[in-house]
Amino acid sequence: MNLIDKLEKNQRLEFDDAIKLYDLDLFTLGKYANKIREAKNGKKVYFNINRHINPTNLCADVCKFCAFSSHRQSAEKSYTMSYEQIIEAVDKSVLNGAKEIHIVSAHNPNVSWQWYLEIFKMIKDKYPNLHIKALTAAEVDYLHRKHGLSYEEVIEKMIEYGVDSMPGGGAEIFNEGIRAEICKGKVSSNNWLKIHSLWHQKGRQSNATMLFGHIESKEHRIDHILRIRSLQDSSLALNNGGGFNAFIPLVYQRDNNYLKNIPFLGSVEILKTMAISRILLDNINHIKAYWATSTLNLALVAQEFGADDLDGTIEKESIQSSAGAASKNGKSQKEFIELIQTSGFIPVQRDSLYNELIIYN
Ligand code: V47
């Protein structure tokens, strides 16, 4: 059966067919991706009211794509927030309506594992209903390497100290050769997948990212997406509520880092990758066009090409904005709602697990 027949019949595609998707023109891909998007999510575009906090930029690892780590800044720019500074930021966000705090840090060798975990406990004690999305698999792996805790122990402590779900960071691109080039020494692909698998085995939910538009090939992207799909198959088979909520293709930002001479990724390639993600990941409900890395306008166009989520209002963000993204100060809820509506979609404010809170019909 040829590729178009398989797409018409909504058949699951394996690597050899999946790679040929890039040869299709954008609108053909968009047609099939949008069909799946509409079947899963109708005309809804999800977003949440969230706040990103990056408590420290001091990092033991050096990822070439990273502009956030203090390696890329002068010594006086390295920081570690105090608990008072963190809770002050959380207090302010809660007053602004935040339902989720998304916490991602660098791999700081000068603090204990308790330092990381006490942040979550402090927030949870004060705001039991506030969702804490925290610790990427790369951070879990770092706590394991630095402090000798097993992955299982870190995960048990995350649950004990109040982490509700895991963000998708640290996945980058799973191909081991590319990983050795861009983030040598950081969590391996197999361990990234293992950590999410262990988290899912606890009946918990997480996200998965893919950093694209740097030195990876299309084959590497397809391989990455298919490895995520395969783990999701195993996690869903447990039937315990655990698994990936969303897949997030992160567009590489080029400023202030150690990867040089990377050309800008064109919008067509970005939209094709969103559409291909939607077509291949038949077992993941949501594709997030993270506006911080794709720009808000392209993230809105991506809603026609398979994506159904924009992430959230963010309020403040340091990782991608250090590398050139326009996410330093977030977006207002009003702007989100208006832009989604004028793009012909239905804005839906969601919680972190995609329960619908407000539908703006
Ligand atoms: O893993 C670092 C990425 C990620 C750059 O789970 C860069 O809902 C682009 O994972 N250009 C951390 N990206 C952020 C993250 C995330 C973001 C939004 C939502 C969720 C979620 C997760 O940031 C890292 C890395 O892949 N990153 N540097 C850069 N130059």
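The values are calculated or read from the model by the stated rules, or taken from the named source; none is laboratory data. Owing to the predicted nature of the structure, the values given are computational and were not obtained by experimental measurement. As a convention, Cβ positions derive from the backbone with ideal geometry for all residues, glycine included, and neighbour counts pool all protein chains shown. SASA here: full protein model, heavy atoms, side chains in, ligands and nucleic acids out. Shrake-Rupley method; radii C 1.70, N 1.55, O 1.52, S 1.80 Å.
Could you do me a favour and compute the accessible area per residue for the chain, 1.4 Å probe, result in Å²?
Heavy-atom SASA per residue in the chain reads 40 Å².
Binning at 10 Å from 0, report for segment 194-307 what percent of all alpha-carbon pair distances ends up in each bin.
Calculated over all Cα pairs of segment 194-307, the distribution is 14, 43, 31, 12, 1 percent.
Which value, in Å³ per residue, describes the convex hull spanned by the Cα atoms of segment 257-338? Walk me through the numbers on the way to the answer.
Values: hull volume 8.9 nm³, N = 82.
Taking the convex hull of the Cα positions in segment 257-338, it is 108 Å³ per residue.
Cα-Cα over 25 Å: which of Lys288/Lys334; Lys272/Lys316; Lys260/Lys331; Lys35/Lys218?
Values: Lys288/Lys334 20 Å; Lys272/Lys316 29 Å; Lys260/Lys331 30 Å; Lys35/Lys218 23 Å.
Beyond 25 Å: Lys272/Lys316; Lys260/Lys331.
Distances over 12 Å make up what percent of all Cα-Cα pairs in segment 16-71? Show your work: numbers first, answer last.
Details: 1210 of 1540 pairs.
Pairs farther apart than 12 Å: 79 percent.
Just the Cα atoms of segment 133-270: what Rg and Dmax do they give in Å?
15.4, 46
Strictly under 4.7 angstrom between C-beta atoms: which cysteines of the chain have no such partner?
Cys59
May I ask you to compute the full-extension gain from Glu335 to Asp255, defined as 0.36 nm times their residue separation minus their alpha-carbon distance, rounded to one decimal in nm?
26.1 nm
Set the Förster distance to 45 Å, then compute FRET efficiency between Glu118 and Ile262 from the Cβ-Cβ distance, nearest 0.05.
Details: r = 38 Å, r/R0 = 0.85.
The pair Glu118/Ile262 has a calculated efficiency of 0.70.
Hey, what angle do you get for helix 189-201 against the long axis of the chain, alpha-carbon based, 0 to 90 degrees rounded to 10?
80
Within the set of other residues whose C-beta is less than 14 Å from the C-beta of Lys35, count the net charge using Lys and Arg as +1 and Asp and Glu as -1.
That works out to +2.
So how tilted is helix 137-147 from the main axis of the chain? Cα-based, degrees 0 to 90, rounded to 10.
Approximately 30 degrees, to the nearest 10.
What is the antiparallel percent of DSSP beta bridges lying wholly in the chain, to the nearest 5?
Close to 15 percent.
Once you put a point 7 Å from the Cα of Ser217 and another 7 Å from the Cα of Glu84, both along the Cβ direction, what distance in nm separates them?
Each label point lies 7 Å from its Cα, and together they span 5.5 nm.
Within segment 178-266, report the trypsin sites (Lys or Arg not before Pro) that DSSP leaves as loop and that have at most 13 other Cβ atoms within 10 Å. Kindly include the intermediate steps, with their values, before the conclusion.
Working: sites: Arg179, Lys184, Lys186, Lys194, Lys202, Arg204, Lys218, Arg221, Arg227, Arg229, Arg254, Lys260; in loops: Lys184, Lys186, Lys202, Arg204, Arg254, Lys260.
Counting only loop positions with at most 13 other Cβ atoms within 10 Å, the trypsin sites (Lys or Arg not before Pro) in segment 178-266 are Lys184, Lys260.
To make sure I understand the rule: partners must be lysines, Cα under 16 Å from the Cα of Lys121, and not fewer than 8 residues away in the same chain. Which ones qualify?
Filter leaves Lys133, Lys157.
What do you get for the angle between helix 83-95 and the principal long axis of the chain? Use alpha-carbon atoms, 0 to 90 degrees, nearest ten.
With rounding to tens, the tilt is 50 degrees.
How long are the semi-axes of the ellipsoid equivalent to the chain, from square roots of 5 times the Cα gyration tensor eigenvalues, in whole Å, largest first?
Over the Cα atoms of the chain, the ellipsoid semi-axes are 30, 23, 21 Å.
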